[in-house]
1. Picking from Asp34, Asp86, Asp142, which is most flexible by a Gaussian network model of the chain using Cα springs under 10 Å?
2. Using a Gaussian network model of the chain with C-alpha springs under 10 Å, which one of Ile233, Ile80, Ile115 is most mobile by mean-square fluctuation?
3. Compute the length gained on full extension between Leu240 and Gln186: take 0.36 nm times their separation in residues and subtract their Cα-Cα distance, giving the result in nm to one decimal.
4. Taking the Cα centre of the chain as the origin, how large is its charge dipole in debye, to the nearest 20, when only Lys and Arg (+1) and Asp and Glu (-1) carry charge on their Cβ atoms?
5. Lysine pairs in the stretch 98-200 8 or more apart or on different chains: how many have alpha carbons under 19 angstrom apart?
6. Taking DSSP loops as anything outside H, G, I, E and B, show the longest stretch in the chain free of GluC sites (Glu not before Pro) there with at most 16 other beta carbons within 10 Å.
7. Among Arg44, Arg76, Arg18, whose mean-square fluctuation peaks in a Gaussian network model of the chain (Cα, cutoff 10 Å)?
8. When the chain is fully extended, how far beyond the present Cα-Cα distance does Lys38 get from Asp174, taking 0.36 nm per residue of separation?
Amino acid sequence: MGITWLASFPKSGNTWVRFLLYAYLFGDISTSGDINRKIPAIHRDPKAAPEGDETLFVKTHFVLSDKHPQLGLTDRAVYILRHPKDILLSGLNYHRMTGAFPDKATDEHYAKVFISRGSDPVWVGQGFGTWDQHATSWTTTDRFPVHVTTYEKLKSDTGGELAKILAFVGQEPDGERVSRAVDAAQFDKLRALEVREKTKGEKDKLFPGAVKRSKAPRFFMNKGKTGQSLEKIAPGLDALFDRQFGDAMARHGYG
């Protein structure tokens with residue numbers, strides 16, 4: 001046994017899957033900080049390792065390469081794909097929420113940079129690569145077994161996809177426990193948890209940022225939409241995006 005990576009490009013639903021797995025494996029979610037302790041992120045805990053013969057789920061956004069931390073402890077990986085257009089919009093919301101993106105910078109500027117570089121340049125600098133590089137590195141590897149799911153499948157059949165992940169790691173999914181986990185990790189419940197923890201200023205939380213006073217406050221647990229358009233940002237962005245990402249999207253099942 002060893003590490004089972006929960007691998008994804010940023011803003012692809014990795015945190016949601018962690019909540020689902022936590023609820024199934026460990027029960028009630030009392031604080032988001034429990035997720036970090038039981039299902040750590042390698043970016044925060046570069047020495048994360050299983051104890052004894054256990055299987056440890058660990059989140060990663062890193063491109064799969066020889067430089068990946070704790071690679072020698074790998075047992076297998078679950079990879080979560082998401083349409084890159086939805087990732088762009090979620091990334092924009094994330095940067096606005098955390099304040100990392102200057103207010104004077106426009107949404108159109110962010111979108112055009114993302115499109116031209118195939119990624120958020122901040123993420124490239126952090127070792128996550130482009131969307132295409134990332135997806136290719138994990139979904140075509142022969143280093144270890146990889147189960148591929150998508151954000152879209154998780155939204156349409158959350159329980160079914162969770163059961164497939166559990167079966168992939170050698171567990172016999174329990175239907176009742178799967179249903180409870182899906183209920184516990186519903187979007188509105190996770191949003192309520194985020195608001196509560198941020199409003200109270202709790203330190204033991206997974207969610208970054210704070211609730212800012214505005215007519216439309218931003219949250220880590222955003223809208224979770226699929227199939228979105230960039231036209232609300234600026235005319236012509238969808239066409240520009242499709243030209244730049246078209247070949248890569250087709251290779252990864254978004255043709």
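1. Looking only at Asp34, Asp86, Asp142, the largest GNM fluctuation is found for Asp142.
2. Highest fluctuation of the listed residues: Ile233.
3. Additional length available on full extension: 16.0 nm.
4. 1000
5. Within the stretch 98-200, the lysine pair count is 6.
6. With GluC sites (Glu not before Pro) excluded where exposed in loops, the chain gives 55-201 as its longest stretch.
7. Greatest mean-square fluctuation among the candidates belongs to Arg44.
8. Going from the current span to full extension adds 46.9 nm.
Each reported figure results from applying straightforward, stated rules to the coordinates on display, with no laboratory input. These numbers come from a predicted model, not from an experiment. Counting neighbours? That spans all protein chains shown, and the Cβs are built from the backbone with ideal geometry, glycine included.
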